[in-house]
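Scroll down for the structure; my scribbles are underneath it.
The values are calculated or read from the model by the stated rules, or taken from the named source; none is laboratory data. What you see is a predicted model; the values in this text were computed from it and never measured. Note: ideal-geometry Cβ built from the backbone for every residue, glycine included; neighbour counts use all protein chains shown.
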Amino acid sequence: MRPIAGVDITLVSPVRFAPYSGMLPGLIAGHYKHHECHIDLERLARFAGARFLRTLSHDVDPARREVVLAEGPTIRYDILSIDVGSTSAMAGIPGAAENAIAVRPVETLLQAWNALIERAGANGLGMLAVVGGGAAGVELLLAMQYRLAQLFERSTVRFVLVTDTDRLLIGHDPKVHSVFKRILSERQIELHFVSRIARVEPNVVVMANGQRIAADAIVWATGAGASPRLSETGLALDTAGFIAVNEHLQSISSPAVFAAGDCATIGGYAYPKSGVYAVRQGPPLAANLRRSLAGVPLIAYRPQHRALALISTGDKYAVASCGPLVFESAWVWRWKDYIDRRFMAKYNVPG
Ligand SMILES: Cc1cc2nc3c(=O)[nH]c(=O)nc-3n(C[C@H](O)[C@H](O)[C@H](O)COP(=O)(O)OP(=O)(O)OC[C@H]3O[C@@H](n4cnc5c(N)ncnc54)[C@H](O)[C@@H]3O)c2cc1C
C-alpha cells in the first residue's frame, strides 16, 4: 500500500484464495461462506501494485538469489521473503500420507470434507477419526459433528479422537483440557489419550499397542511440520527443519532472505506455531524488508509471552484461554466472530 519507487514486488502463491485458518472451523461448521474466510491474493496484489504469480515456488538458490517456480521463469531477487507456512506433521508414520486427510493444505482438506458430506448424504457414515488433540483437531472434530447433525437429521456418525498426549490442548492451562474433555464427553466422542499411532492402513488407525480403530475417514491434525522443500534450499534450518532466523526475521545464513510465520523459527524463543504469532510478525517483517532495501538498521520482533486463544466448539460457542484465565460462553464465540471478521475486512480490498 506504500510502494517504494524503483522496487518491483512479486507475490508467488499456488492458490489465488488464501484461507484464514481462524475461520476454518466455522466454515466447516457451515457458519461462513468460502469467500468470507479467504483472501483474494490476486486482487490484493493488484491493489498493492504487485505482480501475482499463481504457482508453487519449487526451490530457492540463495547464492544466485533465484527462486525456481514450478511453472514459469526463474525469478531473480534482491530481497526474498519466505512465508510458506507448515505442512501436516505426518512424516515417520507409515501410511499416514496415503490414508489420512491432512489439515494442510487447507484446499485439500476442504475438498475432502465436501466429498465426505456427499458420502454422508448418499450412504451415511459410520465413524470419523481425528488424530491430534490440539486446538485444530478438537475444533475441526466439533465443527464436523455439528455440520453433519445440521445437514442430516438422522445422522448417526460417531467420532473418535486419538492423541498421544495425556491431555487435550497441551500448551494451554489444564482447565482448558477439563472444559474440552467435558464438552467432548457430552457429545459422545470417544477419546483415546496417550495413544501413539504406529501406522495408518486404508480406513484403519493402528496404535502402537496393537489396537485398531476402523473409520470411514481419518483426519490428521497433529501439528505443524516443516515442508521437506526447505531442506533443499541450502538455507540454515532448525532441528525440526524450519528456516532459522534471527529476531529481525532474517535468515541466519543468507541476509537477503527473510522468513516469518510457521515456516520460520527465531533462535532463543519458544512459542507455538500459531497464527497469532504469524500475524504479529507481519508489521516488523514489512518494516525490515523496507529497511533492508534502504540499507538502514533492522528492527527486532519479540514474541509476546502469552497469546489469547478463542477455541470454538462447533455450535457458535467458544472457550477463551489466556494463561490461567479460561472462560466459555456463546458470547466468546460472538467475540471471536467479531475479531475474525474485522481481520478479514482489512484484506477485502476493492476489485
Ligand atoms: C484447522 C486449523 C485451525 C487453526 N486455527 C487457528 C486459530 O484459531 N488461531 C491461530 O492463531 N492459529 C490457528 N491455526 C494455526 C495457523 O493456521 C497457522 O499458524 C498460520 O496459518 C501460519 O501462518 P503462515 O502465514 O505462516 O502460513 P499459512 O497461513 O499456512 O500460509 C502459507 C501460504 O504459503 C503458501 N505456500 C505453501 N508452499 C508454497 C510454495 N512452495 N510456494 C508458494 N507458496 C506456498 C500456501 O498456499 C499458503 O497460502 C490453525 C491451524 C489449522 C490447521
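Observations on the model:
- Ile79 falls short on exactly one of the conditions (1) modelled with pLDDT of 95 or more; (2) in contact with a Cys (Cβ under 7 Å, 6 or more places away or on another chain), and that condition is (2).
- Checked against (1) more than 30 Å from Met207 (Cβ to Cβ); (2) without any contact (Cβ under 8 Å) to a residue 24 or more places away in the chain, Ala97 passes all but a single condition, namely (1).
- Of the residues making up region 307-323, just one is out of contact with any helix residue (DSSP H, G or I) (no Cβ under 8 Å at 6 or more places or on another chain) and either on the phi > 0 side of the Ramachandran plot or loosely packed, with under 13 Cβ neighbours inside 10 Å (or both), namely Gly323.
- For Tyr271: the one exception among (1) farther than 18 Å from His177 by Cβ; (2) in a loop (DSSP other than H, G, I, E, B); (3) away from the ligand (no atom under 11 Å from the Cβ): (3)
- Of all residues in region 101-112, those that are within 15 Å of Gly275 (Cα to Cα) have Cβ atoms under 9 Å from Cβ atoms of residues that are away from the ligand (no atom under 11 Å from the Cβ) and not aromatic (Phe, Trp, Tyr), 6 or more apart or on another chain, in Arg104/Gly225.
- Selection of region 205-259 for residues being in a strand (DSSP E or B), touching a residue at least 60 places away in the same chain (Cβ under 8 Å) and surrounded by fewer than 17 Cβ atoms within 10 Å (Cβ to Cβ) yields only Ala214.
- Flag if Val60 is buried (at least 18 other Cβ atoms within 10 Å of the Cβ), under 23 Å from the mean Cα position of the chain (by Cα) and farther than 15 Å from Ala256 by Cβ: no
- Strands (runs of 3 or more DSSP E) fully within region 1-112 that include at least 2 residues being among the polar types (S, T, N, Q): 10-13.
- For region 268-284, the criterion of a residue being touching a residue at least 12 places away in the same chain (Cβ under 8 Å), within 20 Å of the chain's Cα centre (by Cα), more than 19 Å from Gly171 (Cα to Cα) and outside the structural domain of Thr239 (by TED's automatic domain parsing) is satisfied by no position.
- Selection from region 292-351 of residues that are among the hydroxyl-bearing types (Ser, Thr, Tyr) and either under 16 Å from Gly22 (Cα atoms) or in the same structural domain as Ser254 (by TED's automatic domain parsing) (or both): Ser292, Tyr301, Ser312, Thr313, Tyr317, Ser321, Tyr338, Tyr347
- Given (1) surrounded by fewer than 19 Cβ atoms within 10 Å (Cβ to Cβ); (2) under 21 Å from the mean Cα position of the chain (by Cα), index of the condition Ala300 fails: (2)
- Among the residues of region 158-184, those that are outside any helix (DSSP H, G or I) and surrounded by fewer than 18 Cβ atoms within 10 Å (Cβ to Cβ) comprise Arg158, Asp164, Thr165, Asp166, Arg167, Ile170, Gly171, Asp173.
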